[in-house]
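What follows draws every value from the coordinates through simple rules; no lab data is involved. Predicted model only: the values in this text are computed from it and were never measured. When we count neighbours, we look across all protein chains shown, and the Cβ atoms used for this are built from the backbone with ideal geometry, even at glycine.
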Amino acid sequence: MSSRKPWSDPGFLAALLGSVSVAGFAPLELFPLPIIALAGLLYLWQAAPTPRRAALLGFIWGLGFFLTGVSWVYVSLHDVGGMAAPLAAVATVLFCCWLAVFPALVGYFFRRLMSANFWRNALLFAGLWVLSEWLRGVLFTGFPWLALGYSQTPPSPLAGFAAVLGSYGVGGLAALIAAALALGLRRRGAWLLILALLGSGALLRGMDWTQPVGAPFRVSLLQGNIPQSLKWVPERLPLSIETYTGLAQAHPAALTVLPETALPLFFHEVPREVLQALTQHGDVLVGTAVRLREGGYVNGAIAVSPGPTFATQSYAKKHLVPFGEYVPPGFAWFFGLVNIPMSDFSAGPVRQAPLKIGAQRIAPNICYEDLFGEEIIRALPEATLLINLSNTAWFGDSLAQPQHLQIARLRALETGRMMLRATNTGITAAIAPDGRVLGTLPPFTTGALQVEAIGYQGLTPYARWGNLLTLLLALLAVMYAALPALMKALRQRRSR
């Protein structure tokens, strides 16, 4: 019988490090923790006997990380979607296995290409980490949830880099600090690197990349708290309408915002008296499905102005959620296992003009769309204000709600714009351009958050370049670090 303690086993340690990393994200936001845990993983990789063993450790780390951090997938499938518990559990595990492939790839290539040089190894690790997270964010429509950079919202000093390098770049710098801790703990240069990154980030947080434009105006963000199980029940429709019209009339504002599919009707079916009630005090931005003339329907945000004709402007969600909003080819059978109303939306155009509301230009984004920073900046520099409409009732009382709010904070930092969030069950919030949360409503309550919104103009460096600069730096880092290993392999091949 082996006397080896479980906590001395590299596989156990990798799973533990992955699981505890989640505490660095919302709601706990212990931002140094993911960096320290990643340093631990890198130490395990360096000691791994082979690249395959390092890949296995990366995969185990990923399972611990994602099974803990996106456990709400099970809630969405079983508790809300009605999928049988065993099938929902299997689907969640398989999904997390797919996500765990990406840290496994980093482990494999790091162990294969690492050298005896500290700086090359540090750059190799940081570059590979950035490329793997970017790849996870684009393959099969992408799932960049829990990318490392999201853990570094204020008060983390690294948040200052978000306006320059975006969330992937912030994650890359966090990975570089992790490498310095794991590989250069006794090196003066490693500690100077850490201090330089933290100090530079702190200085950048004081930069005003954008400037206010127009006068402040009052916005009411409505949170109806309609249970997903009742939202599409026809008998429940009058109560849903009464909830939102009552909130709008009781909380007057120049702009009233309702969450994603707040009215479970096609927009052309919304009664005229409902629009009159919603626009009693000013413009309204409402989430609702919109029937297309050519057939099909979109997940839309409709701006309605008061007046006899109810002038409208529209936005159609363009980045749809697979299995939730459209049917991937060959997966029609999936929808026989879950109950997802209106699950075959059409995608909106890639580029859509901001909505003109008063003196501001509003760039709406719907639910999951705010995960994709490079898509959000397409509306800039014209857009002066970002507004997210979400229905997070799909995720129940889980980590998804605070994690989604933290993602929105990065979008505000990247763009130098306020981000307003109107959600069905939470977390409805107002976020300043520097990532600070100005106000929230408690989740699973009915209410309205009234805020003084300000538009902003100008472009941050990230809004100009998107992810291009970060990806270029990551590629250069990997190429520089991997050059000795590649040259050695080439010489060995020529000598055969």
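Let me have the relative contact order for the stretch 211-464, percent, based on Cα pairs under 8 Å that are six or more residues apart. RCO, the stretch 211-464: 23 percent.
Within the shell of other residues whose beta carbon sits under 13 angstrom from the beta carbon of Arg464, the net charge comes to -1, with Lys and Arg scored +1 and Asp and Glu -1.
Packing around the peptides 224-234, 367-377, taken as the average count of other Cβ atoms within 10 Å per residue, puts them in this order, highest first: 367-377, 224-234. Once the Cβ-Cβ distance of Ala353 and Phe266 is raised to the sixth power relative to R0 = 22 Å, the FRET efficiency obtained is 0.45. In the chain, a dipole from Cβ-located charges (positive for Lys and Arg, negative for Asp and Glu) runs towards its positive end, and of Ala363, Thr261, Asn467 it is Asn467 whose Cα lies farthest in that direction. Near Ala482: Cβ cut-off under 10 Å, other residues only, Lys/Arg at +1 and Asp/Glu at -1. The net charge is +2. Note on the chain: lysine pairs with Cα distance below 29 Å, sequence gap of 8 or more or different chains, count 4.
As a rough guide to protection, the peptides 472-485, 413-426 ranked by mean Cβ packing within 10 Å, highest first, stand as 413-426, 472-485. Each Cα pair under 8 Å and six or more residues apart adds its separation to the average, and for the chain the resulting relative contact order is 18 percent. Taking the C-alpha atoms only, the angle from helix 32-47 to the longest principal axis of the chain is near 40 degrees.
Within the shell of other residues whose beta carbon sits under 10 angstrom from the beta carbon of Lys317, the net charge comes to -2, with Lys and Arg scored +1 and Asp and Glu -1.
When shorter helices are ignored and each DSSP H run of at least 4 residues is given -39500 (n - 2.57), the per-residue value for the chain at 222 nm works out to -14000 deg cm²/dmol.
Based on the alpha-carbon gyration tensor of the chain and its eigenvalue square roots a ≥ b ≥ c, which shape applies: rounded if a/c is under 1.5, prolate if not and a/b is larger than b/c, or oblate?
Prolate.
A Förster radius of 41 Å, combined with the Cβ-Cβ distance separating Tyr480 from Phe140, puts the computed FRET efficiency at roughly 0.85. Does anyone have the angle between helix 10-21 and the longest principal axis of the chain? Alpha-carbon axes, 0 to 90°, nearest 10? Around 30 degrees separate the two axes. Using the Cβ-Cβ distance between Trp232 and Leu490 with R0 set to 45 Å, the FRET efficiency works out to roughly 0.15. To test your reading of the geometry: what angle, between 0 and 90 degrees and rounded to tens, separates the Cα axis of helix 162-183 from the longest principal axis of the chain? The answer is roughly 30 degrees. Ordering 65-73, 347-355 by mean Cβ neighbour count within 10 Å, with the highest value first, yields 65-73, 347-355. Overall, the chain carries a charge dipole of about 2460 debye about its Cα centre when +1 sits on the Cβ of Lys and Arg and -1 on the Cβ of Asp and Glu, all other atoms neutral.
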